[in-house]
1. Go through (1) open to solvent by 50 Å² or more (accessible area, probe 1.4 Å); (2) touching a strand residue (DSSP E or B) at 6+ places or on another chain (Cβ under 8 Å); (3) more than 25 Å from residue 205 (Cα to Cα) and name the single condition residue 94 misses.
2. Write out, first by first residue and then by second, each pair whose Cβ atoms fall under 6 Å of each other, whose residues are 6+ apart or on separate chains, and whose first residue, in the stretch 51-78, is without any contact (Cβ under 8 Å) to a residue 12 or more places away in the chain while the second is among the polar types (S, T, N, Q) and surrounded by fewer than 21 Cβ atoms within 10 Å (Cβ to Cβ).
3. Name, by its number, the condition in (1) out of contact with any Gly (no Cβ under 8 Å at 6 or more places or on another chain); (2) under 15 Å from residue 129 (Cβ atoms) that does not hold for residue 36.
4. Kindly indicate whether any position in the stretch 149-158 is over 18 Å from residue 242 (Cα atoms), modelled with pLDDT of 95 or more and surrounded by fewer than 23 Cβ atoms within 10 Å (Cβ to Cβ).
5. Could you list all residues from the stretch 55-75 that are open to solvent by 40 Å² or more (accessible area, probe 1.4 Å), in contact with a Leu (Cβ under 8 Å, 6 or more places away or on another chain) and not hydrophobic (A, V, I, L, M, F, W, C)?
6. In the stretch 217-259, which residues are open to solvent by 80 Å² or more (accessible area, probe 1.4 Å), farther than 23 Å from residue 113 by Cα and assigned to a helix (DSSP H, G or I)?
7. Would you point out which residue out of 171, 114, 131, 136 is within 20 Å of the chain's Cα centre (by Cα) and buried (at least 20 other Cβ atoms within 10 Å of the Cβ)?
8. Here are some residues: 149, 165. Which one is in contact (Cβ under 8 Å) with a residue 60 or more places away in the chain, in contact with a Gly (Cβ under 9 Å, 6 or more places away or on another chain) and either β-branched (Val, Ile, Thr) or not in a strand (DSSP E or B) (or both)?
Amino acid sequence: MPSEPTAPGPHTALRLGVVWDLVLRALQNAAEATGRPSLDLLDTGGGSGIFAVRAARLGHRVTVVDPSPDALFALERRAAEAGVAGLVHGVQGDTGDLLEVAGRERYDMVLCHGVLEYVDDPVTAVAAVAGTLRPGGALSLLAAGLGGAVLSRALAGRFTEARQALGDPEGRWGASDPVPHRFTTQRLTGVVSAAGLVPGALHGVRIFADLVPGALVDTEPEALQALIRLETEAAAHPAFLAVAGQLHVLAHRAPAPGA
């Protein structure tokens, strides 16, 4: 078994744990459906490869597309340290040239996490991602949630900014907001459908993680574990989707006719 890379810090574990559990479950389902335990994955905007290396350690082949040379260098180093360099391949690019650098209909599953909120046209971006999927393939899509942004601005006492985000078509709280797009569940599933994919299960991510004082989880391991359990259990609860910092949807491309 390859060695385990350096474990993420408490806040990273909180923010990524729910998503990794969802990805892992989808990978297991895809492997069972295809009868192939080793799948071809694409991680667009995958950065230094936190998810890519985890997937490679399970035996999957992963291509990471990212616009940052520094991130791809860190990816190469992370994969080597984990003993999976032969299963992880980094390519410089973004959703604008995704089909050219990653190929069409080559992947059983695509991860698109933290990308959609920064592209010029979300529908065009997801359509490009959909084009890389094989028929029957799955998309793990994670994007910024509107409700979480409104809640966090309000709790910080920035009530005008909270109202601005609430009424803005893109969910932005002002001209200095670094996030170009935020999504409600309806908008996110609409983008997925417009790209020709079938939206599936929705989950909320970072429901409590960004609101709990950092000192609590940094110094109290039991509190961290309890909060991780709470995040996991609340992720699928419809009452919390509207206030999640991020929204996750698992979508699928329709199988080929006769498959």
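1. All conditions pass for residue 94, except number (3).
2. Once the first residue is without any contact (Cβ under 8 Å) to a residue 12 or more places away in the chain and sits in the stretch 51-78, no partner that is among the polar types (S, T, N, Q) and surrounded by fewer than 21 Cβ atoms within 10 Å (Cβ to Cβ) comes close enough.
3. The number of the failed condition is (2).
4. Start the filter on the stretch 149-158 by keeping residues that are over 18 Å from residue 242 (Cα atoms), which leaves 156-158.
Next, from what is left, pick out any that are modelled with pLDDT of 95 or more: 157-158.
Then drop every residue that is not surrounded by fewer than 23 Cβ atoms within 10 Å (Cβ to Cβ), which leaves 157-158.
Among the residues of the stretch 149-158, at least one is over 18 Å from residue 242 (Cα atoms), modelled with pLDDT of 95 or more and surrounded by fewer than 23 Cβ atoms within 10 Å (Cβ to Cβ), which makes the answer yes.
5. Within the stretch 55-75, just 61 meets the criteria.
6. 218, 219, 221, 222, 225
7. Only one candidate passes the filter, namely 171.
8. None of the others qualify; the one that does is 149.
The values are calculated or read from the model by the stated rules, or taken from the named source; none is laboratory data. The model shown is predicted, which means the values in this text are computed figures rather than measured ones. With ideal geometry, Cβ positions are generated from the backbone for all residues, glycine too; neighbour counts draw on all protein chains shown. With ligands, DNA and RNA removed, areas are computed over all heavy atoms of the protein, side chains included. Shrake-Rupley method; radii C 1.70, N 1.55, O 1.52, S 1.80 Å.
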